[in-house]
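The next block holds one structure in the form of C-alpha cells; read it before the comments.
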Amino acid sequence: MLTQRIKRLSPYIPGEQPQDRTYIKLNTNENPYPPTPEIVPFLKSFDIERLRLYPDPLFGPLRAAIAERFQLDSSQVFVGNGSDEVLAFAFYAFFDSARGRLLFPEFSYSFYPVYCDFYGIEYRKIPLDENFSIEINDYLAEERSCGIVFPNPNAPTGIVLPLKKITELLEQYPEDRVVVIDEAYIDFGGESAVSLIDRFKNLLVIRTFSKSMSLAALRLGFAMGDKDLVGALFAVKDSFNSYPADLIAQKIGEIAIRDTEYYRSITEKIIQSRESLSIQLEDLGWHVLPSGANFIFVEKKGLSGETVYKTLKEEGILVRYFNLEGIRNFVRITIGTHEDMEALMNSIRALF
Ligand code: PMP
C-alpha cells in the first residue's frame, strides 16, 4: 500500500508536550512572555465575514511590513507556514546533490537531515571545533558541495558565528551555490546577515515569528534574499499550497513585526535571565556554552544529559537532551520567566 518513498522517511521528533501534569516547559525554546498586546484590539474587532475569502497568496501587506523593518524591497521577502516550511521550500529550490553534498554542522538543527532524506539530498555533517563553534574553513575546504545551511546562533549550542566570519565565508564560497542562514534565534544575540543580502545574491536569511516574537502557535516564518531566490521559493510554494499563511496569521504578523519596542523589552528580559542563569550554573560547577540564543546548552561532569532530563522531569521541569555521541552529557534549557528560572535553580541546587 505504501510507496518506497514513505518507507525511507525518518520524521523529525518535536519536543514533547506531556499532558499528565503542569510542567515548567523549558524544552522547545518558546518565549515565556506573551506576544504584543496590540494583537488584542485586532482580534476583538475582527469581522468573521472576512473568513469567507481566501487569504492573499502573495502576503502583500505582511511582506511590505517585513521589508520596511529590514530596509529591503518586498520582492526580497518570502513568507511561509513557520520557518520549518520556509526551510523545506529552500531545500527543494536550492539544494541538489547532483552538484555535490549539502553541508551543515554536525550538531545543529535536527530537521536539516530530515529534509535531506525527504528530497534525497546527500549531505555531509561538518564537525564543530573543540569549543563547539562553526569553523568556516572546514566548509570552504570541501571540494564539492551544493550549498550550506546552519543556524546562527547555532542550535542546540547557542553559539554565535560573528558576521565577519559569515562575510568571509560568502566571499570565498562559489556564488552559484546558496548559503542559508537560519536566524531563528538571532534577536537574542549575534549580528544578522540581512545586511549582506544586497551584496551576496546567493545568501538566504530565514527567520521565524515563533521565538523572539512569541507567536509559535501562529506558524509564521519568512525568508529574505535576492529576488531570484524569493521567486524560486514562490515557485515551490505555488506547486504545493497557494495559501500556507492564513488571513489572521498574516494580519497578526504584520502587527507584531511593527511593534519593535515591546519585543525589545521582552527580549532584554530573556537575555538578562540567560546571563544570570549561566553565572549561577557556572558557580555550581556546570559547563555552560556561551549563548546568544533564548536557551543555554550545559553539562555537569559525572552527570548524563538523560539523568538531568529525567530528574528534572520528575520535578515538573522539562528540558531537552540529545542522545548523540559528543553531546550526550548536555541538556538544552530554554530561558523562561524569572520565576521559572528560580524554580529551576532551586531544583538544580537540591538535586545535583
Ligand atoms: N530553525 C531552528 C534552528 C529552530 O530551532 C526552529 C524551532 N524548532 C525552527 C527553525 C523552526 O521554527 P518555526 O517552524 O516554528 O518557525
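The values are calculated or read from the model by the stated rules, or taken from the named source; none is laboratory data. If you're wondering where the values come from, they're calculated on a predicted model, not measured in any experiment. Methodologically, a virtual Cβ is constructed for each residue, glycine included, from the backbone with ideal geometry; neighbour enumeration extends over all protein chains shown. SASA here: full protein model, heavy atoms, side chains in, ligands and nucleic acids out. Shrake-Rupley method; radii C 1.70, N 1.55, O 1.52, S 1.80 Å.
Numbers for the structure displayed
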quantity	calculated
Residue count, segment 12-42 (criterion: open to solvent by less than 100 Å² (accessible area, probe 1.4 Å) and in contact (Cβ under 8 Å) with a residue 60 or more places away in the chain)	21
Scope segment 198-248; condition closer than 21 Å to Ile270 by Cβ and of a type in the set (Ser, Thr, Tyr); matching residues	Thr208, Ser210, Ser212, Ser214
Subset tally (residues that are of a type outside the set (Gly, Ala, Ser) and either surrounded by 16 or more Cβ atoms within 10 Å (Cβ to Cβ) or not in a loop (DSSP other than H, G, I, E, B) (or both)) for segment 323-336	8
One residue from Leu169, Leu229 being away from the ligand (no atom under 13 Å from the Cβ), more than 17 Å from Tyr92 (Cα to Cα) and touching a Phe, Trp or Tyr at 6+ places or on another chain (Cβ under 8 Å)	Leu169
Hits in segment 1-36 (condition: of a type outside the set (Asp, Glu), within 16 Å of the ligand (Cβ to nearest atom), within 17 Å of Arg320 (Cα to Cα) and at pLDDT below 95)	Tyr12, Ile13, Pro14, Gly15, Gln17
Qualifying residue in segment 43-54 (condition: of a type in the set (A, V, I, L, M), under 17 Å from Leu233 (Cα atoms) and out of contact with any Gly (no Cβ under 9 Å at 6 or more places or on another chain))	no
Set Leu204, Leu218: member being buried (at least 24 other Cβ atoms within 10 Å of the Cβ), within 16 Å of the ligand (Cβ to nearest atom) and modelled with pLDDT of 95 or more	Leu204
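Listed here are the residues, each with its yes/no results for (1) of a type in the set (Gly, Ala, Ser); (2) in the same structural domain as Asn152 (by TED's automatic domain parsing).
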| position | (1), (2) |
| --- | --- |
| Ile181 | no, yes |
| Gly189 | yes, yes |
| Asp226 | no, yes |
| Pro244 | no, yes |
| Ile266 | no, no |
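This table checks each residue for (1) within 30 Å of Asp47 (Cα to Cα); (2) over 22 Å from the mean Cα position of the chain (by Cα); (3) part of a helix (DSSP H, G or I).
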{"site": "Glu254", "(1), (2), (3)": "yes, no, yes"}
{"site": "Pro290", "(1), (2), (3)": "no, no, no"}
{"site": "Thr307", "(1), (2), (3)": "no, yes, yes"}
{"site": "Thr311", "(1), (2), (3)": "no, yes, yes"}
